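Structure, as structure tokens:
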Amino acid sequence: MSKTNVGSIITLGCIQKILSENEPINPVLQLVRVNPGGSEQGGSRYKIGLSDGFELIQGIIPEHLIKTVCNGKKLDRGMIIKLTNYSLSNSVPLQASRSSTSKYLIILGFELVKDVPLELYGHLSDDTERSRAGTSRLPNLPNIPNLSNNPNQPQQQPPPPQLRPPVPSIYGLNSSYNNSTPQRNSNTNLDEGICSIDNISPYHNKWKLKAMVVQKSDLKTWTNSRGSGKLFNVTLMDNTGEIRATAFNQQAEEFVDLLQLNKVYYISKGKVNIAKKQYSNVQNDYEITIEAGTIIEPANNSSVPIKIKINPIKISDLNNYEKDNNVDVVAAIKEISETTQILTKNQKMIDKRDLIIVDESGYEVRLTTWGQQVNELRHVEIGTVIVCKSARVNDFQGRSLSMYGNSKLLIDPNIPETNSIREWVASGGLKSETNAFTGSYSAGSVNTPEKTIAQIINENIGCNNEKGEYFSTRGTVVFIKRENMYYAACPSESCNKKVIEDGENSYRCEKCSRSYDHAEYRYIFTMNVSDHTDGIWLQCFNDTGTVIIGKDANELINMRENEESVFENWMDSRYFKSYIFKCRAKMEIYKERNIIKYQVLEATPIDYVEHGQALLNNIKELEKMERS
């Protein structure tokens, strides 16, 4: 091994600056360990140890980078490299202690300074390296050489320092070189070595999170061609972001009761994978799988700051949002109903609890919670501030809100968006009178002037308001498109999203992240309606489609599959029936051109006695106008 003076080549003491994120430009370090790290989702990599003569720090280098830089030559212990591109990771060793580093380097670019192994600088021994996690005295700083004015007097080289592992402060960094022997805390501090969610990735297999559970699914069962099993998932959040964690089978049963909404936990030894975005709306490129070796510990009496991206609206503005839109709401609880149980379409009992929530706008609205969220509301009180993220807008009683699988319910969160509602509650806002939504939104809570079809077309109804315009018209069904009249929908309560067939008698709902043994079919079709002035194409969804067809979609598909001729005769019988249609017209872009779509909100068969009386009244009004 070469005897080159390594101390004159490497950047002495630079690891302190790297750890404090005062990163030196292109630091030169000596390799003290080079080990293959196996293959991860990001590719093969090598785990290395680097020395600056005073400190050790761990790092990883992708194998392809080594091959490119070294031209096929292997990296070896004792070589010296210059870092040209690197980042500092917050991932930590699982058993973080006062004598283990809490950060390490991800090497993205480097150059070989010495491509032959040199003697390790700092008297580093194998025993020192093996005991990196143990305590050791900090080295004395090297003596400053006696700088004589006599140029003939040889300069004394500083003795190489005793190499030691870095000793983290409470922030995971050394605070000074001048400390004496570090004192090990006799009490285990679980908050040491915490990794933030935004630093989780498949490249880091030693990490520990401290995060809050902000969303939790029920324990679900699935069955497909590959077998059956159980799963549940949670969304974890800290002040840097959110990440989804999923447990299967035995781990699902083990942790489903331990992980509770709005509680804080320490989590480590999970597997980090690329996120399957089709099954989740969590804003993270990665997700965690809870495995047999995963450690989850409650952070009792502990809190964690969270960072949640919300765009809250006022309750008074709910009329501006269509049914099935998702909204974020910050509100206070005004009333709490008793918990009830509902039998779902797939014959399962689920808890349900309604709240009346209010905000500073002076409006109140009913909020329905389900399953795990109901349990979380057992001990809340009137006046508690809540945040509803991605609550679904319904038209029950004019306007109402419902939580579903991907909704998040945060109880009394400490975030800036809740400050104004807290002040409103503290000043007696709950005692003030509030307005409630009434009636049926689609049936008449909006103004729907009656138009002939010619007027609808000539007045360009739907072009004058980007949120849509409403009208009613009387017309007769003259044609119904029979292709793709319905779709296979999720059978769970208040979902209705399209499912994908993923095996025999197995249907996957990506929104609910679960599979079902059957699907509920729902209508979506277009029909041509005419009156004495013109014709128009209207779009029908499930409720109005059932009125027009006279059977629900499940009945119709059974008829079509079993008796095609009966199906054709039934569809023919639906023609030339007249209705009062209440509709919404809205401009949309289709194949790079603007079109107006007309959606039927309600279809009511015409009462001809009432209709005749209305026509007589119109005639009398016209006669009065002529006489005047």
Problem - Residues located in the stretch 357-392, provided they are within 18 Å of ASP324 (Cβ to Cβ) and either of a type in the set (D, E, K, R) or more than 26 Å from the chain's Cα centre (by Cα) (or both) - result: ARG366, LYS389, ARG392
Practice task
Give the stretch 574-628 a look and list any residue that's of a type in the set (Lys, Arg) and either modelled with pLDDT of 90 or more or under 19 Å from GLN539 (Cβ atoms) (or both), or say none.
Solution key: ARG574, LYS577, LYS582, ARG584, LYS586, LYS591, ARG593, LYS597
Practice task
Only residues that are closer than 16 Å to VAL214 by Cα and surrounded by fewer than 14 Cβ atoms within 10 Å (Cβ to Cβ): list them for the stretch 308-345, please.
Solution key: LYS309
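Okay, residues lined up against (1) touching a residue at least 60 places away in the same chain (Cβ under 8 Å); (2) of a type in the set (Phe, Trp, Tyr); (3) out of contact with any helix residue (DSSP H, G or I) (no Cβ under 9 Å at 6 or more places or on another chain):
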position: GLY270; (1), (2), (3): no, no, yes
position: SER280; (1), (2), (3): yes, no, yes
position: ASN284; (1), (2), (3): yes, no, no
position: ILE296; (1), (2), (3): no, no, no
position: ALA299; (1), (2), (3): yes, no, yes
position: TYR321; (1), (2), (3): yes, yes, yes
position: ASP324; (1), (2), (3): yes, no, yes
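When the residues of the stretch 359-383 are narrowed to those that are β-branched (Val, Ile, Thr) and surrounded by fewer than 17 Cβ atoms within 10 Å (Cβ to Cβ), which ends up modelled with the lowest pLDDT?
Of everything passing the filter in the stretch 359-383, VAL380 is modelled with the lowest pLDDT.
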Practice task
Quick one: which residue in PHE479, PHE437 is modelled with pLDDT of 90 or more and of a type in the set (Phe, Trp, Tyr)?
Solution key: PHE479
Exercise for the section: Give the residues of the stretch 238-255 that are at pLDDT below 90, closer than 17 Å to ILE288 by Cα and either out of contact with any Ser or Thr (no Cβ under 7 Å at 6 or more places or on another chain) or β-branched (Val, Ile, Thr) (or both), sorted by residue number. Expected result: THR240, GLY241
Exercise for the section: Kindly list the number of the only condition in (1) among the aliphatic types (A, V, I, L, M); (2) modelled with pLDDT of 85 or more; (3) surrounded by fewer than 17 Cβ atoms within 10 Å (Cβ to Cβ) that fails for LEU29. Expected result: (3)
Handout entry: Search result, residues across the stretch 212-235 that are of a type in the set (Lys, Arg) and out of contact with any helix residue (DSSP H, G or I) (no Cβ under 9 Å at 6 or more places or on another chain)
Key = ARG226
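The values are calculated or read from the model by the stated rules, or taken from the named source; none is laboratory data. All figures in this text were calculated on a predicted structure; none of them were measured in a lab. Cβ coordinates were reconstructed from backbone atoms using ideal geometry, including for glycine residues, and neighbour counts include every protein chain displayed.
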